[in-house]
Amino acid sequence: MDQQTHALRGEGIALSFGGIKVLKGLDVEFRAGEITGLIGPNGAGKTSLFNCLTGAYSPQEGTISYAGEPLNGLPPAARAAKGIVRSFQHVALCPDLTVRENVMMGIARNGTAGWFSAFLPLTKGIREREEMARAADAALADLGLPDVGDKFPGELPPGMQRLVEIARAVVGKPSVLMLDEPAAGLNNSETRDLTAVLRKLASTDLVMVVVEHDMDLVMSICDRIYVLNFGEFVAVGSPGEVRTNDDVVRIYLGSDDDE
Ligand SMILES: Nc1ncnc2c1ncn2[C@@H]1O[C@H](COP(=O)(O)OP(=O)(O)OP(=O)(O)O)[C@@H](O)[C@H]1O
């Protein structure tokens, strides 16, 4: 896998709301085989950039591509069908479906007969449902959750719900996995479990992007980190380079949030 070729790239991304520029012409490259962090103080533009990459926002300027294929104009569902998937800051599991069924929803984008037909009492549907259930159980087991398939999300603690959400994102074998504040709402031990899971997920053919406020998590899992401030990158580099960058130190010491 050529990590440069199989990269998610943004060139000259500019986004404004009501004439206020929140992203000021950003060039960014998220490479396969790396975990790339996106950090910055509150209001820096992290979520806006994330949303441009997933297709939730359309930047007024710039191009977004994966493996050289332009993605501009494609809505989130079309990007997901191309293997570019995301998790949400607030756990977004269906409360009335079992954990296994929630994870099975992540397979639907793969172009099988589909999640709905898998629930119809037809031979094809039954076979497909069994295959999807096996894949869902395997994804859950891979993330250290072997016995929760029959439970409902509400029966699990927040840390496990987060892992179920990640299982749903990875069960369809994405090429780009975008995680929006995966540690939000987790306690220290849940964050440690998540850190181990994210490290394990990293593989040579997967682009992983993490927007996160938890600096310990970012510094321990990321290969490269982009630091945003007021819609511009002020630094990019390894955790060690970013940690000792004078501008980054100034931004974080000068900001009044708890990063
Ligand atoms: N839908 C919107 N309409 C108007 N302004 C917006 C919208 N979304 C974001 N903004 C503005 O864009 C700027 C960047 O916000 P964004 O949420 O991208 O920052 P962030 O770095 O993700 O912050 P946080 O860490 O607090 O989530 C902020 O000034 C915000 O008020």
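Numbers for the structure displayed
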{"read-out": "For Ser87, distant residues with modelled amide H under 5 Å away", "value": "Met178, Leu179, Asp180"}
{"read-out": "Hits among lysines - C-alpha to C-alpha of Lys82 under 19 Å, sequence gap 8 or more where chains match", "value": "Lys173"}
{"read-out": "Candidate lysines - alpha carbon under 28 Å from Lys21, same-chain residues fewer than 8 apart omitted", "value": "Lys46"}
{"read-out": "Peptides ranked, highest mean first, by Cβ atoms within 10 Å: ranges 35-44, 186-195", "value": "35-44, 186-195"}
{"read-out": "Square roots of 5 times each gyration tensor eigenvalue, C-alpha, the chain, largest first, Å", "value": "32, 21, 16"}
{"read-out": "Accessible solvent surface per residue of the chain, calculated while the other protein chains remain in place, 1.4 angstrom probe, Å²", "value": "47 Å²"}
{"read-out": "Estimated FRET transfer efficiency when R0 is 25 angstrom, pair Asn187-Asp147 (beta carbons, to 0.05)", "value": "0.75"}
{"read-out": "Full-extension gain in nm, Arg250 to Asp216, via 0.36 nm per residue minus C-alpha separation", "value": "10.4 nm"}
{"read-out": "Prolate/oblate/rounded call for the range 139-200, Cα gyration tensor, a/c under 1.5 rounded", "value": "oblate"}
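The values are calculated or read from the model by the stated rules, or taken from the named source; none is laboratory data. Just so it is clear, the structure is predicted and the values come from calculations on it, not from any experiment. We place every Cβ from the backbone using ideal geometry, glycine too, and count neighbours over all the protein chains shown. Just the protein is used for accessible areas: all its heavy atoms, side chains included, with ligands, DNA and RNA removed. Shrake-Rupley method; radii C 1.70, N 1.55, O 1.52, S 1.80 Å.
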